[in-house]
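The values are calculated or read from the model by the stated rules, or taken from the named source; none is laboratory data. Here the structure is a predicted model, which is why all the values come from computation and not from measurement. Neighbour counts run over all protein chains shown; Cβ positions are idealised from the backbone, glycine included. Just the protein is used for accessible areas: all its heavy atoms, side chains included, with ligands, DNA and RNA removed. Shrake-Rupley method; radii C 1.70, N 1.55, O 1.52, S 1.80 Å.
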Amino acid sequence: MMKKSLLFLPGPVPVAEPVLAAMSRPMINHRGPEFAAQLERISSRLQGIFGTRGPVVLLGSSGTGALEAAVASMFSPGDTLLSCPVGVFGKRLAAIAQTYGCNVEILDTPLGSALDPQMLAARLRTDIQEHSDPQKRFRGVLLTHNETSTGVQNDMAILAPILREHGALTVVDSVSGLAASEFCMEEWGYDVVVSASQKALAAPPGIAMVALGQRAVAQLERATIPRFYFDLKKAIEFAGKGQTPWTPPISIVYALDAALDIYDRDGGPAIWARHDLYARAIRAAFEALGFTIFSQPNAHSVTVVAACPPAGVDAGALLKALREQRGVVLSGGQGELTGKIVRMGTMGDVTQTDVLGAIGAIEIALLDANAPVHIGSGVQAALRVFLNRKTLTPV
């Protein structure tokens, strides 16, 4: 029997029993009326989570597949795009666009920081000033809502008016952000927003979803990048018939439907508050244990906390000890942050008790590594956040 672990990854995440159980249902005809009704129900509920009345289509893929679909369906070879990465996954989106023949300019942001609205505004104003012909300006802007590699979240509401003033099409990676905090796609004016099943929606991996605004739907007729499987025009056409273009992962569709039942039951505001609460508790605990939070103030993600271990503690050894000796699974750094940070997620079927248990395990692992930790300091710090108290009476 497989040993149970406490999974605190940035995804995939712990999945509730009713969601797992839903996958055991028998297969149905993915071209039949039962599947069509389920697809309509899922898409309708996702519209509310994205904050749009426009189409939301499902793809049998990871989030990366949906980002590829967004780029291939929105742009043409030779288009100039502005990419605004704040970590590994933002750079991946830029690489996808470059692979398809787009000219990509990178607007750099220091790791751990969110995209600077003033810097973005200045670059877009310069683009307008330099090109009187709108056809020569940036055709698109590539953005990340939430970056799990650095524990950073961009304020999409603040960025929105800056982008609207320029007029370029916007593609937003919200794979790890959507459903964990409010998103108002239509109100803010974003054109394409991408997410996936295995993050804050707390379903297994295998389905990505793409929401398209009116401008994006119109752009589907103009984009000329060759595409076949990852074609959002096909996806919208088939969605109108209650189908997907290609065979969908039916069991994961069942699971996503069940996960949305739980989301609707708890309600968006309560779920947003829970993610924020867990993230604040983990940050408080980490700081009490001598970690340094990697994300900068006003840039903290609500779905993952990234932190540098205390001096003298090896990040890889700490993660291994937690996994093998305590059954607590966290993530390490990626790219240039490999071996430098640990990352603890807040998403999925996770309780306050789970968070406190994981913090306790981290304390023990640090003590085993001879780190100067005051016993109980991390758990007490998290408890203060959960109980909204400045102090706790010592036991």
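In plain terms, the chain from ARG265 to ARG31 could stretch by 81.3 nm, reckoned as 0.36 nm per residue minus the Cα-Cα distance.
For the stretch 116-125, putting each phi into the Karplus relation 6.51 cos²θ - 1.76 cosθ + 1.60 with θ = phi - 60° gives couplings of 7, x, 5, 5, 4, 4, 5, 5, 6, 5 Hz, in residue order, rounded to whole numbers and with x for Gly and Pro.
With each label modelled as a point 7 angstrom along the Cα→C-beta vector, the CYS184-GLU40 pair spans 3.0 nm.
Over the stretch 294-395, all Cα pairs binned in 5 Å intervals from 0 give whole-percent P(r) values of 2, 11, 19, 26, 22, 14, 5, 1, 0, listed from short to long.
Do any trypsin sites (Lys or Arg not before Pro) in the stretch 318-359 lie in a DSSP loop with no more than 11 other beta carbon atoms within 10 Å, and if so, which?
On the way: sites: LYS320, ARG323, ARG326, LYS340, ARG343; in loops: LYS340.
Sites meeting the loop and neighbour criteria: none at all.
Using only Cα atoms and rounding to the nearest 10 degrees, what angle (0 to 90) does helix 156-166 make with the longest principal axis of the chain? Approximately 30 degrees, to the nearest ten. For the chain, lysine pairs with C-alpha atoms less than 29 angstrom apart, excluding pairs fewer than eight positions apart on the same chain, total 21.
In debye, nearest 20, what is the charge dipole magnitude of the stretch 61-133 about its Cα centre with +1 on Lys and Arg Cβ and -1 on Asp and Glu Cβ, if you could check? Working shown, then result.
Working: 4 positive and 8 negative charges, 50 e Å.
In total the dipole reaches around 240 debye.
Using only side-chain charges placed at the Cβ, +1 for Lys and Arg and -1 for Asp and Glu, the dipole size of the chain relative to its Cα centre rounds to 380 debye.
Give the value in nm², to one decimal: projected area of the alpha carbon convex hull of the stretch 1-90, averaged over all directions. Spell out each step's value before the answer.
Values: hull surface 40.1 nm².
Projected over every direction and averaged, the Cα hull of the stretch 1-90 covers 10.0 nm².
Note on the chain: Cα-only Rg and Dmax are 21.6, 70 Å. Taking amide H positions as modeled 1.01 Å from N, with prolines and chain starts lacking one, the residues under 5 Å from VAL328 and 5 or more places away or on another chain are LEU6, ARG323.
If you add up the charges near ALA270, with Lys and Arg at +1 and Asp and Glu at -1, over every other residue whose beta carbon is less than 13 angstrom from its beta carbon, what do you get? Net charge in that neighbourhood comes out at -2. Loop-located chymotrypsin sites (Phe, Trp or Tyr not before Pro) in the stretch 191-242 (DSSP state not H, G, I, E or B) with no more than 13 neighbouring Cβ atoms inside 10 Å: PHE228. Over the residues of the chain, the helix contribution to mean residue ellipticity at 222 nm works out to -13000 deg cm²/dmol, using -39500 (n - 2.57) for each DSSP H run of at least 4.
When GluC sites (Glu not before Pro) are flagged only if DSSP places them in a loop and at most 14 other Cβ atoms lie within 10 Å, the longest unflagged stretch of the chain comes out as 1-181. Label point 7 Å out from LEU20 along Cα-to-Cβ: which residues of the stretch 314-332 have amide N under 16 Å? Correct set: 328-329.
Note the full-extension length gain between VAL217 and GLN98 as 0.36 nm times their separation in residues minus their Cα-Cα distance, in nm to one decimal. Don't skip to the end; give the middle numbers.
Numbers: separation 119, 0.36 × 119 = 42.84 nm, distance 2.23 nm.
Full-extension gain reported as 40.6 nm.
The angle separating the long axis of helix 352-368 from the principal Cα axis of greatest extent in the chain is about 60 degrees.
May I ask which residue of SER113, SER251, GLY140 lies farthest towards the positive end of the charge dipole of the chain, with charges of +1 (Lys, Arg) and -1 (Asp, Glu) on Cβ and the Cα centre as origin? Towards the positive end, the residue furthest out is SER251. When its C-alpha radius of gyration is set against 2.2 N^0.38 Å (N residues), the stretch 62-126 gives a value of 1.14. Just the protein heavy atoms count here, and of the accessible area of the stretch 132-189 at 1.4 Å, carbon and sulfur take up 45 percent. Note on the stretch 184-319: the alpha carbon radius of gyration divided by the globular reference 2.2 N^0.38 Å gives 1.40.
At a temperature of 4 °C and a viscosity of 1.567 mPa s, determine how fast the stretch 28-136 diffuses translationally according to Stokes-Einstein, using the Kirkwood radius over alpha-carbon pairs as Rh; express D in µm²/s, rounded to the nearest whole number. Numbers along the way, then the final one.
Values: Rh = 16.8 Å.
Taking Rh from Cα pairs, D becomes 77 µm²/s.
Label zone of THR353 (point 7 Å out along Cα→Cβ, amide N under 18 Å): in the stretch 319-336 this covers 327-328.
Among beta bridges identified by DSSP and lying wholly in the chain, the antiparallel ones come to about 55 percent. Counting only protein heavy atoms and a probe of 1.4 Å, the accessible surface of the stretch 1-58 is 63% carbon and sulfur. Taken over the stretch 133-208, the convex hull of the Cα atoms encloses 103 Å³ per residue.
Note that the stretch 220-344 presents 44 Å² accessible area per residue, ligands and nucleic acids not counted, probe 1.4 Å. For the stretch 12-65, the solvent-accessible area with a 1.4 angstrom probe is 47 square angstrom per residue.
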